[in-house]
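Any read-out appearing in this document is the output of simple, stated calculations on the displayed coordinates, not a laboratory observation. The shown structure was predicted, so the numbers you read here are calculated from the model rather than taken from an experiment. Backbone-built Cβ (ideal geometry, glycine too); neighbour counts: all protein chains shown.
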């Protein structure tokens with residue numbers, strides 16, 4: 001018989017699925033966004049895709065902020081920890097963003113976002129530059145909080161292991177502000193991902209493009225962001 005957690009998770013995923021379907025074509029200001037999955041979108045006929053940074057069997061990037069650990073995979077869901085019977089708190093089951101830490105020899109896990117609810121947002125600043133962010137809705141203890149991951153275009157970070165994920169603000173209440181620095185955070189910046197590839201890919205959001213790029217593990221020792229195997 002399903003547990004109360006499983007029932008709640010199932011209903012919550014249904015809500016997020018409906019939200020994501022209604023948000024496949026989103027307009028923020030004058031910027032049209034055609035969202036193809038949790039990490040790929042077309043903005044003004046230009047592609048932004050984080051798929052070369054994806055990992056199919058776990059979190060892709062790990063970072064630390066104010067004694068809390070954060071794990072992130074923009075494209076594929078993961079469990080943290082891998083054994084769902086371990087850990088305390090709300091647990092992170094089939095998530096894209098997880099927050100956790102150890103207290104009194106116990107590890108507590110909290111869900112910051114699911115794949116079904118990932119939503120692109122774009123805005124134009126006074127300087128005319130376009131800012132793109134991914135928005136995630138929390139679950140259970142974090143159900144009233146959202147996580148905003150601003151995609152920071154950094155053309156010096158070209159390799160998979162160069163990706164830098166940082167938490168800018170998490171006050172324990174209100175929204176969480178984060179950034180993802182990489183070439184693939186640039187509009188039309190990610191190599192081997194073309195408009196034709198994206199627009200010919202099938203939906204729904206679980207479908208990923210078959211990219212030529214190879215994902216290699218590594219660590220950027222210049223920051224606290226770690227790329228996991």
Q) Within the range 30-61, what residues put their amide N at less than 12 Å from the label point 7 Å along the Cα-to-Cβ vector of residue 107? A) 59
Q: Could you check the simple spin-label distance between residue 65 and residue 86, using points 7 Å along Cα→Cβ, in nm with one decimal?
A: 2.6
(Q) Taking the beta-carbon count within 10 Å as an exposure proxy, list 161, 82, 102 from fewest neighbours to most. (A) 82, 102, 161
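Sort 195, 151, 183 by Cβ crowding within 10 Å, fewest neighbours at the top.
In increasing order of surrounding Cβ atoms, one gets 195, 183, 151.
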Q) Sorting 106, 145 on the 10 Å Cβ count, fewest up front, what's the list? A) 106, 145
**Q.** Euclidean distance of C-alpha centroids, the range 112-162 and the range 34-106, integer Å
**A.** 12
Q: Return, ordered by residue number, the residues of the range 38-57 whose backbone nitrogen is under 20 Å from a label point located 7 Å along Cα→Cβ of residue 195.
A: 39-51
